[in-house]
Amino acid sequence: MTFPQELLDDIIDALARTNEPETALMSCASTGRPLLRRAQMHIFHSISLTHRRSPLRLLSLIQANDHLVPCIHKVHVDWDGGYSWREALDEGSCNDEFWTEWHPHFFNVLGQLVHLRELRLTRLSQSTMHYLLSSPSFGSLAVSDVILNDASKFSMESRDISLFLQRFPNVVMLSVRNTYPSTSSLLPDASVAPSITTLIVHNEGTTWMGLLAMKEMRHLESLVVRGTCFLARNLRAIAQNAPASLSSLSIDHLAANEYSKDIDMLMQDCAFDRLLERLVYLSISPQPWWLPEKLKHANLDKLEHISLRY
């Protein structure tokens, strides 16, 4: 009995939406041509590159099977890759010869993924940063989302993130985690990343100064700040530096004692009033005790959604 290809494709798509689809999709891909291409579309939609999953293997695979290139939409690169340092040293993964060989293959692969949409970088090494910042532009790529899970390797003295984003001029969403305190120069300016509309900042401490670079991101529409302390101080920094285009603000902060001075300054800050006037979306969790009083006297005519959770 022969089933319509549309039905087989729907079955594969349903399997891809299950909690652990990898085994089922691999089994389908091995059954024959009717299921192979659709299964590969899901298998290669998101790939990870680590010490164990070398880009050289991926490069060889896509060179032999060029139909796989349009399937790859997300790449996650983790240079630690779950290794312990003992494993890495035992296998010779930490010497200069390894990195010299590994990085060119990675950039060769990256340059061929013309349908790539998301690039996620985790636990960058200093040598990786050197290769990233000295690489040519990937302007031909359609990368729209860049996620930097460890931005601490970017230099504090230079505009490393701006230099990095110059290689990906089509980015509209930037997510940054683990920036150093007061590194406002790390975040990109409008001339480098004019297309960024969404900025996600994970502050695992008091690294609120990095928000100062927002004023140069003149097309920024949505700001998400997670894990920050001292909410009043952060809100004031956001209000004073947010571009006029910002219309959505979401903050998930750590419940911590606030300085009364910071709260008083925020309550009297006209910049915060102007920010509230143009917001369409506002979400703050947990809700601070002093915020409802401020909102009571604010002009919220444009606000369409508000979420204040305890």
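The values are calculated or read from the model by the stated rules, or taken from the named source; none is laboratory data. All values derive from a computational prediction rather than experimental measurement. Don't worry about glycine lacking a Cβ; one is built from the backbone with ideal geometry, like all the others, and counts go over all protein chains shown. These area figures cover heavy atoms from the full protein model, side chains too; ligands, DNA and RNA do not enter into them. Shrake-Rupley method; radii C 1.70, N 1.55, O 1.52, S 1.80 Å.
Per-residue answers, yes or no, for (1) assigned to a loop (DSSP other than H, G, I, E, B); (2) touching a strand residue (DSSP E or B) at 6+ places or on another chain (Cβ under 8 Å); (3) surrounded by fewer than 16 Cβ atoms within 10 Å (Cβ to Cβ):
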| position | (1), (2), (3) |
| --- | --- |
| Glu258 | yes, no, no |
| Lys261 | no, no, yes |
| Leu266 | no, no, no |
| Phe272 | no, no, no |
| Glu277 | no, no, yes |
| Glu293 | no, no, yes |
| Leu300 | yes, yes, yes |
| Leu303 | yes, yes, no |
| Ser307 | no, yes, yes |
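When the stretch 23-64 is filtered for residues that are assigned to a loop (DSSP other than H, G, I, E, B), touching a residue at least 12 places away in the same chain (Cβ under 8 Å) and open to solvent by less than 70 Å² (accessible area, probe 1.4 Å), the ones remaining, listed by number, are Phe44, Thr50, His51, Ser54.
Regarding the stretch 87-94, can at least one residue be identified that is modelled with pLDDT of 65 or more and among the polar types (S, T, N, Q)?
As a first pass, look at the stretch 87-94 and keep what is modelled with pLDDT of 65 or more: none.
No, the stretch 87-94 contains no residue that is modelled with pLDDT of 65 or more and among the polar types (S, T, N, Q).
Please specify each residue of the stretch 1-17 satisfying the condition of being modelled with pLDDT of 85 or more and either within 30 Å of Phe107 (Cβ to Cβ) or not in a helix (DSSP H, G or I) (or both). Before you say what the answer is, go through the steps one by one.
Our first condition is that a residue be modelled with pLDDT of 85 or more; within the stretch 1-17, this holds for 4-17.
Correct list: Pro4, Ala16, Arg17.
Starting from residues that are over 24 Å from Ser245 (Cα atoms) and out of contact with any helix residue (DSSP H, G or I) (no Cβ under 7 Å at 6 or more places or on another chain), keep the ones in the stretch 279-291 and report whichever is surrounded by the fewest Cβ atoms within 10 Å (Cβ to Cβ). Looking at residues that are over 24 Å from Ser245 (Cα atoms) and out of contact with any helix residue (DSSP H, G or I) (no Cβ under 7 Å at 6 or more places or on another chain), I get Trp289.
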